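One structure is given here, and the rest of the page talks about it.
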Amino acid sequence: MRDADTLQWREIRSLDQLVAIQEQWQVLSQFCQADMFNCPGWLVNWTNQFWDKHCELYCMAGFANEKLVVLAPFYTRSSAKLLGIKQLFLLGQGEPEHAEVASEYPDVLLNLDYQAEALKVLLTWLSKISFDVFVARAVIEQSFLHQLFNRAPNIQLAEARRYSLEVKPWSIKQLSRNARSQWRRADKALAEKGAEFRWLTSSEIEQYWPSLVAFHQARWQNKGKLGAFSDQRFSQFHQHFRQQHPDSVAMSGVFIKQQPLALNFYLLEQQQLHFYQSGWDEKQFSQCSPGFALHVWSILNSKAVLYDFMMGATAQSYKAKFSCDETNLVNLSLINSPWRIRLFKLVEKIL
């Protein structure tokens, strides 16, 4: 550890100021080997879609000899309703639930040489921010963010899991017994129909994107839900991300004569393949389990080192059938002003 008080701290209160250090931010994220959800390519795009007049940036940056070594990009979002409950989030989370892009593994970026000082400074700084509720989802248990808030007296923790597996040693034998039977049935049924599995090119991703959207929306609307793609901001976020970072996305699919039966959309970073979104034809081919079969094929035919299913439930998650490694995640919530929350809920109920 370095000696304390070695950093120059700068509070950043506008998105323009944050974007101005984007190059250093990218360097720091690479140094930290940060997940893409904490990198400027993802988060600047996020602010372009979801930032509005109810948001206020609270970002603290630490510099060592003008080099960025700590970045804590928080913000508050105030409710437009009466009483204006103010929620604190890390950048990339807190958008409306029906448009949620699900930025997972949020964290403060830092050079670990400065961890002790960063913890001291950020705890003091956060204590001065006025907010009613802090929320963070899918936080890795070993993260600095968890360490930062874990000591808070009123912190509430809900357990979750990250499901992932190493591609190279994985085989069909690692499926659960029932899943192996499901795979054999699906593989035989799809082969009899002349189905073809393949990875899509960049142009094919754009070509078949409307099919992914249609599959996804049909499934969720049948459940009485809006579906993520019902919100224009969600769709625009992913369109811009695909256009700006074509090497950071991938899609696999199973087809019969160019007709898609199932499509999996991934976020690709370094040697990790994050399974992000999917859709399949539930009307014609559900008996063939094309979605499940596509996962098996994609794992077996991926060049990635890690196949990441991302967050799932702690129990009865379909992701467990793949014999995944499980990483502990936590959903954090901290109520700073319990009386305001109770009053807000009462007024909201009356109105």
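Structure above, values below:
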| item | result |
| --- | --- |
| Only Lys, Arg (+1) and Asp, Glu (-1) charged, at Cβ; region 151-258 dipole about Cα centre in debye | 600 debye |
| Cα-based helix-to-principal-axis angle, 22-31 vs the chain, degrees rounded to 10 | 70 degrees |
| √(5λ) per eigenvalue of the Cα gyration tensor, region 56-96, largest first, Å | 29, 9, 5 |
| Over the chain: helical MRE at 222 nm, DSSP H runs n ≥ 4 each giving -39500 (n - 2.57), nearest 500 | -10500 deg cm²/dmol |
| Flagged links, alpha-carbon separation over 25 Å, of Lys188/Lys319; Lys225/Lys257; Lys225/Lys283; Lys257/Lys319; Lys173/Lys319 | Lys225/Lys257; Lys257/Lys319 |
| Cβ-placed point charges (K, R +1; D, E -1), dipole of region 84-156 about Cα centre in debye, nearest 20 | 360 debye |
| Beta bridges per DSSP with both ends in the chain, % antiparallel, nearest 5 | 95 percent |
| Length gained when the stretch Gln30-Arg10 is fully extended (0.36 nm per residue, less Cα-Cα span) | 5.1 nm |
| Cα-based helix-to-principal-axis angle, 338-350 vs the chain, degrees rounded to 10 | 60 degrees |
| Between region 57-115 and region 284-336, the Cα center-to-center distance that results, in Å | 26 Å |
| Rel. contact order, % - alpha carbon contacts under 8 angstrom, at least six apart, the chain | 22 percent |
| Contour excess over end-to-end distance, with Cα ends at Glu282 and Asp325 and 0.36 nm allotted per residue | 12.6 nm |
| Note, ³J(HN,Hα) from phi for region 144-152, Karplus 6.51, -1.76, 1.60, rounded to Hz, x at Gly and Pro | 5, 4, 5, 4, 5, 9, 5, 8, 5 |
| Surface/4 estimate of mean projected area, convex hull on alpha-carbon atoms of the chain, nm² | 19.3 nm² |
| Between region 193-248 and region 151-175, the alpha-carbon center distance in angstrom | 25 Å |
| Highest to lowest packing among 241-253, 44-56, scored as the average C-beta count within 10 Å | 241-253, 44-56 |
| Solvent-accessible area of Arg219 with every protein chain in place, 1.4 Å probe, in Å² to the nearest 10 | 70 Å² |
| Computed label-point distance, nm, for sites Asn48 and Ser202 using a 7 Å Cα→Cβ extension | 1.6 nm |
| Cα-based equivalent ellipsoid of region 156-292: semi-axis lengths in Å, sorted from largest, via gyration tensor | 24, 20, 18 |
| Cα-based convex hull volume of region 150-198 per residue, rounded to whole Å³ | 172 Å³ |
| Debye, to nearest 20: dipole size of the chain, +1 on Lys, Arg Cβ, -1 on Asp, Glu Cβ | 1280 debye |
| In Å², nearest 10: area of Ile335 left accessible to a 1.4 Å probe | 60 Å² |
| Selected from Asn65, Leu261, Asn38, residue furthest toward positive end of dipole (the chain; charges at beta carbon) | Leu261 |
| Cα-based helix-to-principal-axis angle, 40-50 vs the chain, degrees rounded to 10 | 90 degrees |
| Extreme residue, positive dipole direction of the chain, given options Phe285, Phe149, Phe229 (C-beta unit charges) | Phe285 |
| Alpha carbon convex hull of region 1-150, projected area averaged over orientations, nm² | 8.7 nm² |
| Diffusion constant of region 58-141 at 37 °C, which comes from Stokes-Einstein with the Kirkwood Cα-pair radius and 0.692 mPa s, µm²/s | 231 µm²/s |
| Over region 208-351 - Rg/Rh using Cα atoms and the Kirkwood inverse-distance radius | 1.05 |
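The values are calculated or read from the model by the stated rules, or taken from the named source; none is laboratory data. Owing to the predicted nature of the structure, the values given are computational and were not obtained by experimental measurement. A quick note on method: Cβ atoms are made from the backbone with ideal geometry, for glycine too, and the neighbour counts reach across all protein chains shown. Just the protein is used for accessible areas: all its heavy atoms, side chains included, with ligands, DNA and RNA removed. Shrake-Rupley method; radii C 1.70, N 1.55, O 1.52, S 1.80 Å.
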